[in-house]
1. Can you list the aspartates and glutamates whose alpha carbon sits under 17 Å from that of Lys103, skipping same-chain ones fewer than 8 residues off?
2. Using every Cα-Cα pair within the stretch 90-155, state what percent have a distance larger than 18 Å.
3. Can you list the residues, at least 5 places off or on another chain, whose amide H is less than 5 Å from the amide H of Phe62, using H built in the peptide plane?
4. Taking H as built 1.01 Å from N, whose amide H comes closer than 5 Å to the amide H of Tyr124, not counting residues under 5 places away?
5. Considering only C-alpha atoms, what is the centroid distance from the stretch 39-58 to the stretch 78-140, in Å?
6. Check cross-link reach from Lys36 to the aspartates and glutamates: straight Cα distance under 13 Å, and skip same-chain residues fewer than eight apart.
7. Take Ser28, project a point 7 Å from its Cα along the Cβ direction, then tell me which residues of the stretch 78-97 have their backbone nitrogen under 18 Å from it.
Amino acid sequence: ESPYNKYPVALFDFFYTAPYGNLGEVSSDPERYMKKLDTHFRLNLEYLKHLGRSFGFDYYVFYQPLGPLNLENPFIDNLEAYQKSRHYKATQSVVPLFRQHLKSNPISRFYDISDADSNCAQCYVDLTHYNPRLNATIARRILEQLDASEKVNIKDSS
């Protein structure tokens, strides 16, 4: 009775991967693809909620930094060419819009910590993977959010 008609991988492919077959279309209508991302994440969280109830676990999702969007990433060889690439333009047109959308339309148990790399120079070991310093920052942000969530849960149950 999950909200999925297909297994989540197929839904992910439909809502997220498939649009990148036509990067120009994504860039020309980022609102449409931002809504697809929102739907994708909401359905995934709904799925996790049902799994958690069925198997007795709690869940949280953290939207983490994306190395290819950090223009200070030292693994971007040619910054000017990279910023002109269709993939960067498409991603850059959707992700900030999605992050802004989350502020006014939060998703339960979905936390945006994608800015954790904003004050971290040289925080990647390659284009996408974090070094120990950024891993520690992300872990600290996750713990802070879980602590805050626990306080809210204790307050709600009183």
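Every number in this text was worked out from the coordinates using simple rules, so none of it is lab data. For clarity, every value in this text was computed on a predicted model and none was experimentally measured. Here the Cβ is made from the backbone with ideal geometry for all residues, glycine too, and neighbour counts use every protein chain on show.
1. In chain and number order, the partners are Glu31, Asp38, Asp112, Asp115.
2. 52 percent
3. The list, which skips near neighbours in sequence, is Tyr111.
4. Residues meeting the criterion, in which the H sits 1.01 Å from N, are Asn131.
5. Their Cα centres are 24 Å away from one another.
6. Within the straight-line limit of under 13 Å, Lys36 reaches these aspartates and glutamates: Asp13.
7. Once the point is set 7 Å along Cα→Cβ of Ser28, 85-94 turn out to lie under 18 Å by backbone N, inside the stretch 78-97.
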